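Reviewing the structure listed below.
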């Protein structure tokens, strides 16, 4: 594995008085090359720091770009759509490539033409209330999300806070009691198929009594438990005809044999594993330091490691070896979601720039035909805004 290299762009001055801790990171020197070769970037959420982190290659150096959100957790990407689950709502952003030119022409980027190749702009928000949104996924055009407070899977509604769609059969009522800490959501063949929970209980907060090894994997189709005895499992994923999972309480990453229900560990990592995305033979796994609190006390990871790490680790799933990492320091201590953004080398997300949002209009082809040519913006891929 390559040696760590200092990140290029901490975004706060650590020496300034009364400032929050700086947003710093350190990465292995091969990580930007991995991004360049795979032609992708990474999106990472940290609810603890209130940030969406965009990891991207900038001329051979890893650039860490931060956007402020209120407790961002789950991410879901489908085509040019990005959904982010936050404290009391879900934000939907659409990639509008034509706006990239406006970013490139800004003061900080005026020397580089067409540096950005994706720009996610606000398009929709849906208020759910504090339902503790965890993972999200698109299925047949609908956005599903894990409603942890109500122990169910849900979708958005035009009228209601949410529409309950499924819950474990051992949870008998719909109340905001976080009975089993439902958290992870896996798609298979375009459908919602597997979920993870931290306990098989039917009382408010009951999962906390056996969090060390009370974790479950459940088949949504049958509502049967596939695997018991897991330590705080998160982030199930169906990839290359296998079910992958993070056994977070052990800092583990492995697979589930669906016939036997047995968990096979591939590697243990130096943090609380949560958030995973794949590209080719590589798994990009989020690690959190996790605080010594009632939620995280008494788990095997705390006994194995006194010092835990926060960042994104890159593991080769064919060899089980760590090939690269990006380690966050100071302000960022917990990661929730990690998503590969394929084909986007230098993306941005615009959510607080009222001036840019205010002068970026998206119209259909029919309407654009009536817009004077000098007011249209065209990128090389012919997207217009």
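Descriptive notes on the structure:
- If you go through segment 351-366 and pick out every residue that is in a helix (DSSP H, G or I) and under 19 Å from residue 92 (Cβ atoms), you end up with 4.
- Under the condition of being within 23 Å of the chain's Cα centre (by Cα) and part of a loop (DSSP other than H, G, I, E, B), the residues counted in segment 149-198 number 16.
- Cβ pairs under 8 Å, 6+ apart, first in segment 158-169 and under 21 Å from residue 202 (Cα atoms), second modelled with pLDDT under 95: none
- Boolean, residue 304 is surrounded by fewer than 22 Cβ atoms within 10 Å (Cβ to Cβ) and modelled with pLDDT under 95: yes
This table checks each residue for (1) outside any loop (DSSP other than H, G, I, E, B); (2) farther than 26 Å from residue 175 by Cβ; (3) touching a helix residue (DSSP H, G or I) at 6+ places or on another chain (Cβ under 9 Å); (4) in contact (Cβ under 8 Å) with a residue 12 or more places away in the chain.
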| residue | (1), (2), (3), (4) |
| --- | --- |
| 216 | yes, no, no, yes |
| 221 | no, no, no, yes |
| 225 | yes, no, no, yes |
| 236 | yes, no, no, yes |
| 244 | yes, yes, no, yes |
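- Top-ranked residue in segment 277-301 [being farther than 23 Å from residue 49 by Cβ and at pLDDT below 95; ranked as surrounded by the most Cβ atoms within 10 Å (Cβ to Cβ)]: 300
- Number of positions in segment 193-212 that are more than 13 Å from residue 178 (Cβ to Cβ), surrounded by fewer than 22 Cβ atoms within 10 Å (Cβ to Cβ) and at pLDDT 95 or above: 2
- Residues of segment 66-82 satisfying the condition of being assigned to a strand (DSSP E or B) and surrounded by fewer than 23 Cβ atoms within 10 Å (Cβ to Cβ): 66, 67, 68, 77, 78, 81
Each row is one residue, and each column tells you yes or no for (1) buried (at least 17 other Cβ atoms within 10 Å of the Cβ); (2) at pLDDT below 95; (3) in contact with a strand residue (DSSP E or B) (Cβ under 8 Å, 6 or more places away or on another chain).
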{"position": "19", "(1), (2), (3)": "no, yes, no"}
{"position": "40", "(1), (2), (3)": "yes, no, yes"}
{"position": "44", "(1), (2), (3)": "yes, no, yes"}
{"position": "64", "(1), (2), (3)": "yes, yes, yes"}
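- Residue within segment 298-306 that is assigned to a loop (DSSP other than H, G, I, E, B), within 23 Å of residue 185 (Cα to Cα), in contact (Cβ under 8 Å) with a residue 60 or more places away in the chain and out of contact with any strand residue (DSSP E or B) (no Cβ under 7 Å at 6 or more places or on another chain) present: yes
The values are calculated or read from the model by the stated rules, or taken from the named source; none is laboratory data. Please read these numbers as outputs of a predicted model, since none were measured by experiment. Please note: Cβ atoms are built from the backbone with ideal geometry, for glycine as well, and neighbour counts cover all protein chains shown.
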